[in-house]
Amino acid sequence: ALSNIALLYAHPYGFLTWLCLGAALLALLIVSAETRRAFRLIAGVQILSALAFLPWALILTGVADRLGTGGVWIPRPSVWDALFALKSILGGYLLGLPLLVLLLLAVIRRAHLPGDHHRRVATILIAVAFGPLLLGFVISQVTTPVFISRYLSGSAPALIVLAAWAAASLATTT
C-alpha cells in the first residue's frame with residue numbers, strides 16, 4: 001500500500017499507472033483459480049491506497065474544473081504524438097524495435113506454459129510499461145487532454161525489467 005501511495009502522490013501519471021496496475025492484477029485474478037484470498041488482499045491494498053489519495057484527488061478535481069472552464073494548455077495528442085512518445089520511452093528506433101521484437105518472442109515462447117509465474121509478472125510489467133501511454137492518450141481524446149510524453153518516464157523502470165525478463169526468458173530452456 002505504501003508504494004501505491006507514493007506512486008499516486010509522487011508522479012503526474014501515478015494515478016494512471018495505479019489504474020493500469022490494478023486492472024492487470026484484476027485480470028490476473030479473474031483468470032486464476034486461486035482468486036478469493038488474493039482478491040481480498042489486493043482489494044484491501046487498493047482501497048487503502050485510494051483512501052490515502054483522496055485528499056489530493058479532491059484538490060486535483062478542483063484544478064480540473066478550473067482548467068475545464070478556463071482552457072487547457074495541453075494540446076490534444078495525435079496518433080503520431082503517441083507513437084513518438086512510445087519511441088522515446090523505448091530509447092528510439094535502434095533500441096526500441098529490437099526490444100519490442102524480443103518482448104513479443106518471449107511472450108509467445110511463454111504463452112503455452114501452464115501456470116507460468118513469468119507470464120503473470122510479464123502481464124503486470126506490460127500494463128505498467130504501456131498502460132499509462134494508452135490510458136493517457138485515450139483520456140486525452142475523450143475528455144480533457146492530459147497526454148504529455150515526459151510524464152511517461154515512470155514507465156521506464158517497468159520497461160527495463162521487462163527487457164531483462166524477455167532476454168532471460170529466451171535464454172532459458174524451461
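Points to keep in mind about this one:
- Condition met for G62 (open to solvent by 40 Å² or more (accessible area, probe 1.4 Å), among the small types (G, A, S) and modelled with pLDDT under 80): no
- Scanning the stretch 87-117 for residues being modelled with pLDDT of 75 or more and part of a loop (DSSP other than H, G, I, E, B) gives a total of 2.
- In the set (1) modelled with pLDDT of 85 or more; (2) over 26 Å from W73 (Cα atoms); (3) aromatic (F, W, Y), the condition left unmet by W165 is number (1).
- Taken over the stretch 77-86, the criterion of being surrounded by 15 or more Cβ atoms within 10 Å (Cβ to Cβ) and either small (G, A, S) or not in a helix (DSSP H, G or I) (or both) is satisfied by P77, A82, A85.
- Among (1) closer than 23 Å to L28 by Cα; (2) in contact with a Phe, Trp or Tyr (Cβ under 7 Å, 6 or more places away or on another chain); (3) of a type in the set (S, T, Y) - the single one S140 does not satisfy: (1)
- For T69, the conditions (1) open to solvent by less than 50 Å² (accessible area, probe 1.4 Å); (2) among the hydroxyl-bearing types (S, T, Y); (3) at pLDDT below 80 are fulfilled apart from (1).
- Any chance A6 is within 17 Å of G136 (Cβ to Cβ), modelled with pLDDT of 75 or more and open to solvent by 40 Å² or more (accessible area, probe 1.4 Å): no
- Any hit, the stretch 42-54, residues being modelled with pLDDT of 85 or more, exposed (fewer than 14 other Cβ atoms within 10 Å of the Cβ) and not hydrophobic (A, V, I, L, M, F, W, C): no
- For the stretch 131-160, a residue qualifies if it is buried (at least 16 other Cβ atoms within 10 Å of the Cβ) and without any contact (Cβ under 8 Å) to a residue 40 or more places away in the chain, and exactly one does: A158.
The values are calculated or read from the model by the stated rules, or taken from the named source; none is laboratory data. What you see is a predicted model, and the numbers here were worked out from it, not measured in a lab. Because the Cβ atoms are built from the backbone with ideal geometry, glycine has one as well, and the counts that use them run over all protein chains shown. To get the accessible areas, we keep the full protein, side chains included, count just its heavy atoms, and leave off ligands, DNA and RNA. Shrake-Rupley method; radii C 1.70, N 1.55, O 1.52, S 1.80 Å.
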